[in-house]
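The values are calculated or read from the model by the stated rules, or taken from the named source; none is laboratory data. Model, not experiment: these values are computed from the prediction. Cβ placement follows ideal geometry from the backbone for every residue including glycine, while neighbour counts extend to all protein chains displayed.
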């Protein structure tokens, strides 16, 4: 790849679309230089999809904020004292940051001075391939050897790894995240060693930042190898407590790729997290707190913990139908994947016997129409049969519902009414 590289703006629509050109035009009102930086440049060179557009500029952040507001472009002040402003233009998001140099760091936040020096700004970044910048014509500027590391498919800290990590301890997780998501190898063993030595500092970071990076790791295509490394080097326990091993995690990723279901990605992070937990997911509350999970995620993890105790290899369609009356189809499928992963390990990258049995159960689940799983009676039906308003209504309806469930939720409304009448008369 050499020391020079040029992106073709016509090939990369994020560089040349109307929204981007308008943002650049507005923030360049003071005639200061602006470039694309970081991940968008790296991913464009790697021919990966660009989702986040970061722009660096020599313009002062206060002026950027003024120019954007003057142009009617929505801004969010996410850290103007650190030089960063978010701009939203026609549903596109841009992170705009003034060139900086660190004055003081404490592993979480930095005191910065603004600068006009592009090399100085590049040298404060985490990894060489994230220190690249590109101008509007596509010329790539490489101050730290990032182009060569992309060519060699390696990850390398900018400068001294220990210094970079002490500036922000999240860089430890970002190091492993990029290995997992970009499928790159370690460029310098001393970088890897520094991450292991300083891993105890992860606990000093906010739970939100740790959760974000950790979920990106477990969601990645190459997650099994990285999770095993994190576990073997005692880094995983700095993120989530009481992890006994990683075999289940490796197994669940192998089998989930064999499930032909469009909803398999809905709660992938939580499903894979459950595979790392104890067999019955008993540490739900502890891990939910450690990763600051949302209410929805906590509820889903609790559902998996409950379902894991219910599912087994011998379930029939009627059994599965009864379970689906209270739980969603995707939660039931996920619980089966987690249960399988915890019962069976991998043998030379091949799943051990009974894989087909579990996959067969999942196929049965997919044939069940959840929309039909509605108990056909209401309280008024009991009243119409002579039961006065009060707790007796709930009692008789519950008894009828239990009977309906034992019939595989297939009994008709008339059949349920007959059963209710029988129970009342009895």
Going by the structure shown, is residue 162 free of Cβ contacts under 8 Å to residues at least 60 places away in the same chain and within 20 Å of residue 228 (Cβ to Cβ)?
no
When the range 19-47 is checked residue by residue, the ones that are surrounded by fewer than 20 Cβ atoms within 10 Å (Cβ to Cβ) and over 21 Å from residue 178 (Cβ atoms) are 19, 21, 22, 24, 25, 26, 28, 29, 30, 31, 32, 33
Output the residues belonging to the range 183-194 that are surrounded by 20 or more Cβ atoms within 10 Å (Cβ to Cβ) and under 22 Å from the mean Cα position of the chain (by Cα).
184
Only one of 255, 308, 323, 298 is under 19 Å from the mean Cα position of the chain (by Cα) and surrounded by 16 or more Cβ atoms within 10 Å (Cβ to Cβ); which?
298
Within the group 180, 194, 199, which residue is touching a strand residue (DSSP E or B) at 6+ places or on another chain (Cβ under 9 Å) and touching a residue at least 12 places away in the same chain (Cβ under 8 Å)?
194
Check every one of the helices (runs of 4 or more DSSP H) wholly within the range 190-256 and list those with 3 or more residues that are modelled with pLDDT of 95 or more and outside the structural domain of residue 338 (by TED's automatic domain parsing).
207-218
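Quick grid of which residues meet (1) surrounded by 15 or more Cβ atoms within 10 Å (Cβ to Cβ); (2) touching a strand residue (DSSP E or B) at 6+ places or on another chain (Cβ under 8 Å); (3) in a loop (DSSP other than H, G, I, E, B):
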{"site": "340", "(1), (2), (3)": "yes, no, no"}
{"site": "366", "(1), (2), (3)": "no, no, no"}
{"site": "377", "(1), (2), (3)": "yes, no, yes"}
{"site": "392", "(1), (2), (3)": "no, no, no"}
{"site": "411", "(1), (2), (3)": "yes, no, yes"}
